[in-house]
Every structure is written in C-alpha cells, then in structure tokens.
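Undergrad: Just dropping this structure here.
The values are calculated or read from the model by the stated rules, or taken from the named source; none is laboratory data. Small disclaimer: the values here were computed from a predicted structure and weren't measured. Ideal geometry is used to build each Cβ from the backbone, glycine not excepted, and the neighbour counts take in all protein chains shown.
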Amino acid sequence: MADSKLILAQQVYGKLISALTARDWTYARDDDRMRVQFDVHGDDFPMRFVMIVDADRQQIRLLSRLPFEMSEEKRMEGAVATCVASFMLPDGSFDYDISTGEIGFRMTHVFMECDISEELLQYMISWSCAVVDKYNDKFFAINKGFLSLDDFIAGDS
C-alpha cells in the first residue's frame with residue numbers, strides 16, 4: 001500500500017475519533033485496524049455501530065447489525081421490506097441475508113484524493129442512528145406478525 005493512502009486513512013481515522021469525542025460518546029477503538037465500535041440506545045432496541053477506515057480501498061464504512069434475525073417463515077417478507085426501505089433512503093442501505101434472516105445497515109464514503117470533514121462523519125453517525133432506529137422496530141414487527149408487509153409498504157412510500 002502506498003504511504004500516501006495510509007497517511008490519508010490515518011487522518012480520516014483521527015477525524016472520526018475527534019467527531020465521536022466532540023459528541024462525548026463512549027466508544028471502543030482499535031487503532032491498529034482503524035476501527036471504532038459504539039452503542040446507541042434508541043427508542044426501542046439497542047444499536048451497535050462499527051466504523052472502519054479502510055486504507056486500501058480509501059473508504060470509511062459504517063455498519064450496524066440489527067439485534068434479531070427474521071424467522072424462517074418471514075424471510076421473504078423481510079427481503080421485500082429491506083428492499084423497500086433501502087429504496088426509500090437517500091443515503092445508506094440495508095443488507096439482508098435470506099439464508100439466515102440477518103439484517104444490517106451499511107453506509108460508506110470514499111475518501112480517495114479528497115478530504116473528509118468531521119461534519120461528514122457526524123452526519124454519517126447521526127443519519128445511521130436515525131435510520132436504524134426508525135426501521136429496526138418495523139422489521140421486528142413484520143417478523144412477529146404485528147405489522148403486515150402491505151402496511152409496511154403503504155407506510156413507507
């Protein structure tokens with residue numbers, strides 16, 4: 001890996017740490033892997049986020065796995081619901097593993113030959129928290145049969 005890629009990634013990682021510190025957030029950091037993990041308590045489910053600065057790809061990734069999986073009998077509904085939700089989002093998307101029912105949220109930004117600000121990192125964090133908090137209970141309600149797929153689609157369009 002070129003030294004310039006690593007230097008830029010380290011600068012982005014430093015800004016990520018500053019952005020979290022400025023918000024007085026508690027987080028666990030892994031400086032060797034340029035990785036940060038933090039938990040947020042939303043309206044219903046606790047949310048865990050991981051942010052990774054990838055020097056090779058010149059990319060920062062924010063990932064959040066929902067704390068439940070869709071039951072086998074609801075997996076097709078889960079697939080449709082995550083597609084509908086992702087389509088409606090201007091930033092980020094939900095990933096879905098139909099074989100396990102696992103749902104995750106992902107947001108990425110490339111920093112190749114550019115500067116990423118602390119404001120952008122704070123936006124990534126705030127937006128992701130809001131999106132995961134909005135949808136985790138809806139996906140859970142579909143899974144438990146409290147919300148029909150038709151009602152989910154009607155309410156999200």
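Undergrad: I'd like to check something: does the range 111-118 contain any residue that is in a helix (DSSP H, G or I) and either charged (D, E, K, R) or at pLDDT below 95 (or both)?
TA: So far as the range 111-118 goes, yes, one or more of its residues are in a helix (DSSP H, G or I) and either charged (D, E, K, R) or at pLDDT below 95 (or both).
Undergrad: Out of (1) free of Cβ contacts under 8 Å to residues at least 60 places away in the same chain; (2) closer than 26 Å to ALA19 by Cβ; (3) polar (S, T, N, Q); (4) surrounded by 16 or more Cβ atoms within 10 Å (Cβ to Cβ), what's the single condition that is false for SER64?
TA: Checking SER64 against (1) free of Cβ contacts under 8 Å to residues at least 60 places away in the same chain; (2) closer than 26 Å to ALA19 by Cβ; (3) polar (S, T, N, Q); (4) surrounded by 16 or more Cβ atoms within 10 Å (Cβ to Cβ), the one that fails is (1).
Undergrad: Out of the range 81-98, which residues are touching a residue at least 24 places away in the same chain (Cβ under 8 Å) and assigned to a loop (DSSP other than H, G, I, E, B)?
TA: Matches in the range 81-98: LEU89, ASP91, GLY92.
Undergrad: Filter the range 31-61 down to residues that are basic (Lys, Arg) and touching a residue at least 24 places away in the same chain (Cβ under 8 Å) and give me whichever is nearest to ASP97 (Cα to Cα).
TA: Top of the filtered list is ARG61.
Undergrad: Next up: Looking only at the range 10-24, count every residue that is under 18 Å from the mean Cα position of the chain (by Cα) and without any contact (Cβ under 8 Å) to a residue 24 or more places away in the chain and tell me the total.
TA: 1
Undergrad: Right, next: Take the residues of the range 67-110 that are over 17 Å from the mean Cα position of the chain (by Cα) and of a type in the set (A, V, I, L, M, F, W, C): which is surrounded by the most Cβ atoms within 10 Å (Cβ to Cβ)?
TA: Per the criteria, the residue is MET70.
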